[in-house]
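Inspection log for the structure reproduced underneath, given as structure tokens.
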Amino acid sequence: MRRWIIAIVVLLLVVGGAWLFLHKKPLKRRPYKTVAAKVGPLRVTVESTGSVQSNLDVPIKCQASGEIVDLPYDISDYVKKGAVIVKIDPKLEKWGVENAQANLSAAQAGLQQARENVLIAQANLITTRQQDEANLADARVAARNAATEAHRDQVLLREKLGSQAAYDTAQTASEKAADDLATARIAVEQLKVAAMNIKYLQQAVKLAHTRVDADSVSLEEAQEEYSYTTVRAPISGYISARTAQVGQVIASAITNVGGGDTALTISDLSRIFVMASVDESDIGNVKLGQAVHITADAYPGVLFRGKVVQIGVTGQSVSNVVTFNVKIEVLGKNKNLLKPTMTANTRIICAYLKSALQVPFEAVATRGARHFVFVSVGGKLHRQNVSVGLTNGEEWQITSGLKAGQLVVAHASAGQGIWSKGTTLLAKRRGG
């Protein structure tokens with residue numbers, strides 16, 4: 001009985017297995033999408049956003065302190081270089097100029113007087129020297145004659161041919177002539193003192209000249225401070241900010257430790273720039289001179305042209321995201337539509353190929369330094385090594401290993417899975 005039961009169970013199992021084998025549903029093959037390699041233009045771009053900037057923003061601060069009495073320009077007004085844009089009450093500075101002018105006039109008068117004193121002393125020295133030298137010559141002659149007369153009268157007195165009175169008179173005259181000669185010599189010697197006095201007067205001229213120079217500098221400083229009360233535009237541009245009003249007292253940017261007050265800001269809009277923030281993963285593709293397409297939300301449908309003029313050498317990290325500043329100059333006639341601080345969208349054209357063989361970015365797989373795609377031929381997949389060139393993140397340029405029109409799996413991961421299963425089954429069939 002037990003044998004029959006076992007036989008019946010085995011029979012049922014065999015019949016059931018046969019029925020399942022005959023009625024099982026075939027496994028569905030995992031579908032995959034293929035695309036044809038195509039030839040067409042390939043553009044590699046880096047997209048980012050940035051802020052519009054002017055060529056130059058100049059804050060206008062006054063070098064003089066005081067009350068503003070005139071402020072002729074307002075925001076958005078255009079001013080030319082050299083135009084008067086701020087006037088400060090010049091009362092104190094004007095007094096300073098007048099005082100410095102008076103000091104200079106006094107110093108100049110003192111210099112003139114010192115020069116005249118030298119001239120007078122020099123003239124007196126010449127006249128006195130001539131007179132004293134003449135007196136010295138006369139005294140010498142007189143002394144010589146008087147000495148001769150006294151000697152002669154002495155001889156006559158000794159020989160008793162002359163009188164004592166005559167001798168005494170001659171001797172007195174000789175002594176007086178000698179005294180006069182000594183006096184004349186002293187007068188000539190005193191001319192050296194007069195010459196030294198002239199040198200002293202000449203030094204006084206130099207000192208007076210120094211005072212004139214010092215007072216001239218003081219006058220120039222006073223005039224410069226006076227000129228500070230009138231502020232002129234250092235550049236041509238537009239008034240982009242006005243932070244002062246007529247009647248307001250502002251502090252000097254020179255004497256105030258806080259740097260003074262800003263009255264206006266002039267922006268030079270002759271050149272317009274966009275400062276874009278480029279991600280560190282893209283900065284390697286950015287080069288100087290590359291063309292840039294720029295758009296702004298304020299002008300839908302308007303395309304602005306530009307070029308890269310500066311690339312930051314140091315990145316900025318915000319929330320662990322590193323970006324680099326790239327300065328882009330806006331070109332073209334419509335650049336003045338963009339206003340400073342506007343947000344702009346930039347697309348930097350890093351490379352452009354007019355004709356390139358390309359496949360979708362996801363179609364290329366990488367293993368080490370090798371790249372490959374899965375090519376579909378007659379419904380079968382073949383892994384094929386390729387060489388790649390440029391990529392824009394959406395397409396790869398294929399430089400070798402593939403021809404236009406060949407079908408490749410759109411997603412290499414799908415091709416990898418199917419191709420791996422196929423090779424495994426083939427190996428099993430071959431006894432591998």
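The values are calculated or read from the model by the stated rules, or taken from the named source; none is laboratory data. Worth saying up front: this structure is predicted, and the values here are computed from it rather than measured. Counting neighbours? That spans all protein chains shown, and the Cβs are built from the backbone with ideal geometry, glycine included. With ligands, DNA and RNA removed, areas are computed over all heavy atoms of the protein, side chains included. Shrake-Rupley method; radii C 1.70, N 1.55, O 1.52, S 1.80 Å.
Between the Cα long axis of helix 412-429 and the first principal axis of the chain there is an angle of about 40°, rounded to the nearest 10.
Summing Lys, Arg as +1 and Asp, Glu as -1, what charge do residues with Cβ under 12 Å from the Cβ of A114 carry, A114 excluded?
Values: positive: R115, K206, R211; negative: E116.
Every neighbour counted, the sum reads +2.
When K333, K160 are compared by accessible surface with a 1.4 Å probe, the order from highest to lowest is K333, K160.
Surface composition of the chain: carbon plus sulfur atoms hold 56% of the accessible area, using a 1.4 angstrom probe and ignoring ligands, DNA and RNA.
For the range 231-336, what is the relative contact order in percent, using Cα pairs closer than 8 Å and at least 6 residues apart in sequence? Walk me through the numbers before you get to the answer.
Numbers: 165 pairs, mean separation 26.6, N = 106.
Averaging sequence separation for qualifying contacts and normalising by length gives 25 percent for the range 231-336.
Spin-label model, K176 to A83: label points 7 Å out along the Cα-to-beta-carbon direction sit 9.6 nm apart. Counting only heavy atoms of the protein chains and using a 1.4 Å probe, E98 has close to 100 Å² of accessible surface.
Less than 16 Å from a label point 7 Å out along the Cα-to-Cβ axis of T49: which backbone N atoms in the range 282-296 qualify, by residue? Residues 294-296 qualify, since their backbone N sits under 16 Å from the label point. Taking D180, D268, D279 in turn, the Gaussian network model of the chain (Cα-Cα springs below 10 Å) assigns the largest fluctuation to D180.
Lys and Arg at +1, Asp and Glu at -1: add these up for the other residues within a Cβ distance under 9 Å of I250 and post the number. Kindly include the intermediate steps, with their values, before the conclusion.
Values: positive: K61; negative: E67, D261.
With Lys, Arg at +1 and Asp, Glu at -1, the net is -1.
Taking the C-alpha atoms only, the angle from helix 91-158 to the longest principal axis of the chain is near 30 degrees. The label-point distance for H293 and Q112, in a model that sets each label 7 Å from Cα toward Cβ, rounds to 8.0 nm.
The angle separating the long axis of helix 164-227 from the principal Cα axis of greatest extent in the chain is about 20 degrees.
Taking all protein chains into account, the per residue accessible area for the chain stands at 64 Å² (1.4 Å probe). Full extension of the chain segment joining K160 with E362 gains 56.9 nm, where the gain is 0.36 nm per residue of separation less the Cα-Cα distance. Taking 7 Å along the Cα-to-C-beta vector as the label spot, tell me the S270-K333 distance in nanometres, rounded to one decimal. Roughly 2.1 nm, to one decimal.
V278 sits among other residues whose Cβ lies under 13 Å from its own Cβ, and their net charge, with Lys and Arg +1 and Asp and Glu -1, is -1.
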